[in-house]
Amino acid sequence: MPGRTYLVGGAVRDALLGLEPGDRDFVVVGTTPEAMLDAGFRQVGRDFPVFLHPDTGEEHALARTERKSGQGYTGFVVHAAADVTLEEDLARRDFTLNAIARDEATGELIDPFSGVADIEARVLRHVGPAFVEDPLRVLRAARFMARFAPLGFSIAPETMALMREMVEGGELAALTSERVWQELARALRSDKPSAFLRTLRECGALAVVLPEVDALYGVPQRAEYHPEVDTGVHVELVCDVAARLAPGDDLIGFAALTHDLGKALTPADELPRHVMHEQRGLHPLRVLGERLKVPTTHRQLAEIACREHLNVHRLFELKDETVLKLLERCDGFRQPARIGQLAIVCEADKRGRTGLENEAYPQRMELERLHAAASTVKAADVAKGLSGPAVGEAMRKARIDAIHRVRATG
């Protein structure tokens, strides 16, 4: 093995936190690309030398430095050479907990920026002044909080101050929609998405990257239904419940995040009631989805949840025929998984309220049960001797009957 190899980044951090480590990344100091190739490594990096180990396939990058050369998070000049030290490589990293290395030969930890102490103190702290050169780090800080807030982490005051300066300076305008969505999706897959929202809001970034969500804060709701009152706080709670009900699922997480966007558009003289907020929410949802280039599957489920969540809450009051129309509007017979996903989002909405986090939500099981009953109806069984529109009408009646029978049995 050429040079000296160090395990770096997330694998070291997670091991110190007692978490299951993910991918392992290595830095190699004191060698050249030619020596790596001669040792059987395969080069994959174009902007800077990254190599895949011939046996494990794990990434090994040559130690490098970065110098700001332009705007945004891509405007950097990278220097990778045999004379770049490990400390110089670690200095370019974002947070001290990510700037720890472990010598693969000796097992020694190299910690020039006191990352171990910050892990023990549960503090997310930037490595140095170069932090401000990459606006993506504001979103990364928020995303790390979504993962580590349950462990007791907070952001160092000086780091939060830098994040505010970056936002106020307009640095986040350089972020592409794809990168914003990537960080948002990863936050929604974390244990505490609310920490992502709160962190961005604290530094002013939420109004920049998710203005439709930021607009919900301070909007009142009726206290008898929403003890938390503030709609923004409600959405935080809903996202956290969704993360518990569907761990690691950003599809359901995105629908939970956006289901109440219409409440920001309720006329002031109608507050704290929100009549028709479901329909009002569709336009800002579509604007957000288009701007961030959110995957189509996510947009579709989010629109369904936005439009139908109150109908699902009222499921036990709906007529059999109305239940069928709900299932059809969701395209639940061609895409059956949507019904279960919608039911989870609606449960998260109902339980995402102060003091109601553990409330039962029988509508979820009931919706899935009625959908399953209606789905057992097959055209071949009900359309004998029929053709054209008569087939559809026979299917409709048979599905309504199936829903009715299941309801009658309790």
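By the helix-only formula, in which each DSSP H run with n ≥ 4 contributes -39500 (n - 2.57) and the sum is divided by residues, the chain has a 222 nm mean residue ellipticity of -14500 deg cm²/dmol. Rolling a 1.4 Å probe over the heavy atoms of the protein chains gives region 14-64 an accessible area of 56 Å² per residue.
From the square roots a ≥ b ≥ c of the eigenvalues of the alpha-carbon gyration tensor of the chain, which class results: rounded (a/c under 1.5), prolate (a/b over b/c), or oblate? Walk me through the intermediate numbers first.
Values: a/c = 2.59, a/b = 1.86, b/c = 1.39.
Since a/c reaches 1.5 and a/b is larger than b/c, the shape of the chain is classed as prolate.
Taking the 1.4 Å solvent-accessible surface of region 93-200 as the whole, the part contributed by carbon and sulfur is 47%. Loop-located GluC sites (Glu not before Pro) in region 191-226 (DSSP state not H, G, I, E or B) with no more than 10 neighbouring Cβ atoms inside 10 Å: 224.
Report, to the nearest whole %, how much of the accessible area of region 212-288 belongs to carbon and sulfur atoms, 1.4 Å probe, protein only. Carbon and sulfur together cover 57 percent of it.
Taking a ≥ b ≥ c as the square roots of the eigenvalues of the Cα gyration tensor of region 193-246, is the shape rounded (a/c under 1.5), prolate (a/b larger than b/c) or oblate? It is oblate, given that a/c is not under 1.5 and a/b is not larger than b/c.
Using a Förster radius of 22 Å, what is the FRET efficiency between residue 23 and residue 151 based on their Cβ-Cβ separation? Nearest 0.05, please. Please report the intermediate quantities before stating the final value.
Numbers: r = 20 Å, r/R0 = 0.92.
So the FRET efficiency works out to roughly 0.60.
Accessible surface of residue 269, taken over heavy atoms with a 1.4 Å probe and every protein chain present, rounds to 140 Å².
Using a probe radius of 1.4 Å on heavy atoms only, what accessible surface per residue do you get for region 195-305? Whole Å² is fine. If you can, show how the numbers build up before the last one.
Values: 4280 Å² over 111 residues.
Normalised by residue count, the accessible surface of region 195-305 is 39 Å².
Going down the table (293/397; 263/397; 293/319; 263/325; 192/263), which pairs top 31 Å between alpha carbons? Please list the in-between numbers first.
Working: 293/397 40 Å; 263/397 37 Å; 293/319 38 Å; 263/325 25 Å; 192/263 23 Å.
Among 293/397; 263/397; 293/319; 263/325; 192/263, the Cα-Cα distance tops 31 Å for 293/397; 263/397; 293/319.
Dipole magnitude for region 147-223: about 400 debye, using +1 per Lys or Arg Cβ and -1 per Asp or Glu Cβ, origin at the Cα centre.
Averaged over residues, the count of other Cβ atoms within 10 Å places the peptides 383-390, 137-144, 29-36, 334-341 in the sequence 137-144, 29-36, 334-341, 383-390, highest first.
As a fraction of the 1.4 Å probe accessible area of region 341-410, surface on carbon and sulfur atoms comes out at 56 percent.
The values are calculated or read from the model by the stated rules, or taken from the named source; none is laboratory data. For clarity, every value in this text was computed on a predicted model and none was experimentally measured. Reconstructed Cβ throughout: ideal geometry from the backbone, glycine too, with neighbour counts over all protein chains shown. Heavy atoms of the whole protein, side chains included, go into the accessibility calculation; ligands, DNA and RNA do not. Shrake-Rupley method; radii C 1.70, N 1.55, O 1.52, S 1.80 Å.
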